[in-house]
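See below for the structure under consideration.
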Amino acid sequence: MISRSGTTPMAASGWVAGTQEARRVYEVSNDGHTATGGIVRVRNVDPLLGITSLSGQQREAGQRYRADFQCSQQASVKPMRWTERVDGGRQGGGIADSVLDAGRAHAAATRALAHWEVAAVVQAVCCAGGSIKSLAEQTGEGRDVVTKMLKVGLDLLAVHYGMMLGRKVG
């Protein structure tokens with residue numbers, strides 16, 4: 001239903017107007033061509049999920065590496081009291097064993113990455129949440145090179161974690 005002002009009730013509410021504005025902006029930025037494929041650029045997508053060429057094992061290895069990193073960073077979240085025992089052990093405080101174990105697991109996995117450039121890419125994507133695009137811009141390499149380094153690193157992690165056939169490192 002169109003009112004006397006020439007707009008539909010939905011347009012008056014702003015929903016259609018926003019859609020029309022988005023379409024106009026896209027057409028201006030795309031030299032007047034309208035997209036027919038329905039592909040939308042989504043921001044803030046996890047690179048481990050957004051890169052479709054990664055295998056399931058590579059994704060799983062990256063997620064495990066990330067989980068170890070995040071768990072190892074939890075030491076400062078829950079401060080605890082220290083009480084020293086006479087035999088030198090801890091009681092009722094300190095850094096939780098799970099945090100220490102995660103830190104050791106993360107360090108061992110980082111050593112399994114072997115090359116510093118591969119380790120830097122894997123850490124930037126898995127631990128810092130960096131995108132392939134931003135890494136490519138920072139390093140001056142192409143996206144394909146950065147993606148290949150990520151894949152190599154994730155393969156090394158998958159072997160380290162025992163997810164892939166190959167020599168288990170460490």
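Couple of notes before you dig in:
- Test: Ala75 is surrounded by fewer than 17 Cβ atoms within 10 Å (Cβ to Cβ), at pLDDT below 90 and either touching a helix residue (DSSP H, G or I) at 6+ places or on another chain (Cβ under 6 Å) or among the β-branched types (Val, Ile, Thr) (or both): yes
- Among the residues making up the stretch 150-164, those that are under 14 Å from Ser55 (Cα atoms) and either at pLDDT 90 or above or open to solvent by 50 Å² or more (accessible area, probe 1.4 Å) (or both) are Leu150, Lys151, Val152, Gly153, Leu154, Asp155, Leu156, Leu157, Ala158, Val159, Met164.
- Test: Arg59 is out of contact with any strand residue (DSSP E or B) (no Cβ under 7 Å at 6 or more places or on another chain), at pLDDT 85 or above, assigned to a helix (DSSP H, G or I) and open to solvent by 90 Å² or more (accessible area, probe 1.4 Å): no
The values are calculated or read from the model by the stated rules, or taken from the named source; none is laboratory data. Since we're looking at a predicted model, the values are computed, not measured. Note: ideal-geometry Cβ built from the backbone for every residue, glycine included; neighbour counts use all protein chains shown. These accessible areas exclude ligands, DNA and RNA; they are computed on the full protein's heavy atoms, side chains included. Shrake-Rupley method; radii C 1.70, N 1.55, O 1.52, S 1.80 Å.
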